[in-house]
Each structure stands twice: as structure tokens, then as C-alpha cells.
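Student: This structure is in C-alpha cells; I'll ask about it shortly.
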Amino acid sequence: MTTTLEPAPAASVGYLGPAGTFTHRTVLADPALAALRHVPCADPDELMARLSDGSVTYGVLAWENSVAGLVGPTADLLAGLGTGKAVDPSERSQVRLHRDVVIPVRFQLVGRPGARPEALRTVRSHPHALDQCRAWLAEHAPRSSLVPAPSTTAALEFALGDPTGRTAAVTPKAGLAAPRLSVLADDIGETATAETRFVVLGRDEPARTGRERTVIACFQQRDRPGSLMTVLEPFARAGIDLLRIESRPTRDGLGRSYFLIEWRGHPDDPPPRAVLRELAERAVRVRVLGTFDEPNPSRPTPSRPRKAG
Ligand SMILES: O=C(O)C(=O)C[C@]1(C(=O)O)C=C[C@@H](O)C=C1
């Protein structure tokens, strides 16, 4: 008698769906991610929930765009905001940054065949996509309201569902062919060289490489004069190279914010460890969001998606 062994459950990667989004392209463009089982998620909250309960092994979300800047909701989710749960900044985030993948982002306008952009009333897409096409839309579709959709591909549903044909969607260039829709205009982004940096998220601790950059979220009890200095000064004294600082609202009152800080190094190395300890002594609550690798010139950055859907 032969016994059939159950295959081990395959590792999976969740992404902002449906199929065809830039996030999906990123999964397809990265050989290690492309080989996993792909799980489309309706929004970043679903992705984080699935990562937390283990129903996906990894997740991919947009982190920053060369035109529209930081994708705030991704940082906020990792910082523990917007989850409906109390923030526990004293810990490492359970779901962590693992590495980044950069892909080019170019856009097209999709709508009913023959629709003229100047006659459109509504253009729908992911807010970051709308941001990057604002100038073109203002000039060529001046009568349309720009209305957010959960993702670029999800926006297609709204174009399909408008019987007047006056709704169009901004989607990835050369993206999925949608039935009954056609490309009304191509390359409508602000620059032809725009790129988005996506992050791969996971629950395990990535292996040390010695080339890490760390991202932390710093929360202070009160906003008072010199509060940014309180956070930055220990880094300066320890000679740690700061790469980026952003301030994000904590969502619990006007003027209340947390600092998102990216620096060169790993939180387990002695100098950063001492800095994090000192920040705790200064009543700065720090949540480590994880580490990326320094961009490695010998690792080819995928520059083009293998397929669109
Ligand atoms: O809607 C999509 O296609 C996405 O993958 C999301 C997203 C984003 O979150 O910024 C990704 C890259 C583009 O810059 C625009 C939208």
C-alpha cells in the first residue's frame, strides 16, 4: 500500500487586489514572491489581519512613491494605528518590514470605448494613482471629479457599472484587459520615470545581512518645544546615520503626531540598542517597524513586470 503524504501548506503572499494592481505586478516581478501562492486582499487592513493570524505568510504593500511620497496608511498600520486596537509602541511590530522591491509606475485611463476624456464626470482610482495623474486629468478631463477607489484594478468596476459611460478608471499601463472597456489615453502620469517602493512584510525576523536600514515609530506623551530634538539628539551623539524623518498624525487630536524615522543600522547592534534605551528613558515610546536591506547594486531591481495579471 502506498501512502500519499499531504504536501506542506505552501507559503503564500497577500497583496492589494484584485489581480492587475501595481502591488500584484510587484509580486509577479520578484522571482521569490512570484513562486508563492498569491492571495488578493480587498484592502491593507485585510492584508494585515491575514498576516497577523497567519493565513498568509508574507504581504506586499506600497511604501513610497517618487511623486506622491510616503504611503501613509502602510506606515500607520505597521505603527499600530487604524487597527481599532490600542497601540503598544513598546514592542517590535508583530508584522515587520522584510525588504523592499521597486517597480516603475505608469498609468492609463480606461473607460467605455469611444468615451471622450473631456466629457467624463468621474475618474476613479487608488488615491496615490489619482495624485500622480492630477495634472493630466485637470487638463484633459476638467469636468470630472476624482474619486478614490480601493485600488487601481478595483476602480474598473466603477467604470463598468456606470451605464452613462461617463466614469473612467486610472489603471496600470498595459494592465489587464477589462471586458467592454478600452484605453482612452496612455501615459497620463506626471512623470514617465515614476517609481513605487513596495515593502514585503512578514512575521518572522529576517536573517541578518549587516546592511540593514531600520524604521521606527516614535510616540511622545506631549508635543512640547524641542520634542523632535529629544528624539534625534541621541542618534546624532551615537553617530547613527538618519535617512528619513516623517511626521504622521496619531489620529487622536489636532497637532498630535508621531515621528517615523529610518536610520542605517540594526536595532540589535549595541549603539542603536543604547539609543533606543535612552529614548525609553526620555519617555519616548518606540515601536520598531522592521528593517530593510540597503539597496544592493548587485541585486537586480525588477524593472518591469513579467505579466500584467
Ligand atoms: O492600486 C494599486 O494598483 C496599488 O497597487 C496601490 C498603489 C499605492 O498604494 O500607492 C501602488 C502604486 C501606485 O503608486 C498607486 C497605487
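What follows draws every value from the coordinates through simple rules; no lab data is involved. Model, not experiment: these values are computed from the prediction. Reconstructed Cβ throughout: ideal geometry from the backbone, glycine too, with neighbour counts over all protein chains shown.
Student: Mind giving me the FRET efficiency for residue 118 and residue 19? R0 is 30 Å, r the Cβ-Cβ distance, nearest 0.05 is fine.
Tutor: Taking R0 as 30 Å, the efficiency between residue 118 and residue 19 is 0.45.
Student: Still on this structure: Taking only C-alpha pairs under 8 Å that are 6+ residues apart, what is the relative contact order of region 107-191 in percent?
Tutor: 50 percent
Student: Can you work out D for region 107-191 in µm² s⁻¹ from Stokes-Einstein, where Rh is the Kirkwood radius over C-alpha pairs, the temperature is 25 °C and the viscosity is 0.890 mPa s?
Tutor: Reported coefficient: 205 µm²/s.
Student: Only Lys, Arg, Asp and Glu count, each charged at its Cβ (+1, +1, -1, -1), so figure out the dipole size of the chain about its Cα centre, rounded to 20 debye.
Tutor: That gives a dipole near 380 debye.
Student: Taking +1 at the Cβ of each Lys and Arg and -1 at the Cβ of each Asp and Glu, which of 243, 34, 216 sits farthest along the dipole of the chain towards its positive end, judged by Cα position relative to the Cα centre?
Tutor: Comparing the listed Cα positions along the dipole, 34 ranks first.
Student: Right, something else. With 25 Å as the cut-off, how large is the P(r) tail for the chain, expressed as percent of Cα-Cα pairs?
Tutor: I get 54 percent for the Cα pairs in the chain exceeding 25 Å.
Student: 7 Å from Cα along Cα→Cβ at both residue 35 and residue 177: what's the point-to-point distance in nm?
Tutor: Result: 3.2 nm between the two label points.
Student: Let me ask something additional. Going highest first, how would you order 133-145, 13-25 by mean Cβ packing within 10 Å? List each step's numbers first, then the result.
Tutor: Numbers: 133-145: 15.9, 13-25: 25.1.
Top to bottom by mean Cβ count within 10 Å: 13-25, 133-145.
Student: Can you tell me what share of the DSSP beta bridges in the chain is antiparallel? A percent to the nearest 5 is fine.
Tutor: Roughly 75 percent of the DSSP beta bridges within the chain come out antiparallel.
Student: At what distance in nm do the modelled label points of residue 274 and residue 43 sit from each other, each positioned 7 Å from its Cα along Cα→Cβ?
Tutor: Simple spin-label model gives 4.5 nm for this pair.
Student: Using a 7 Å offset from the Cα along the Cα-to-Cβ direction at both residue 145 and residue 191, what is the distance between the two label points in nm, to one decimal?
Tutor: 3.2 nm
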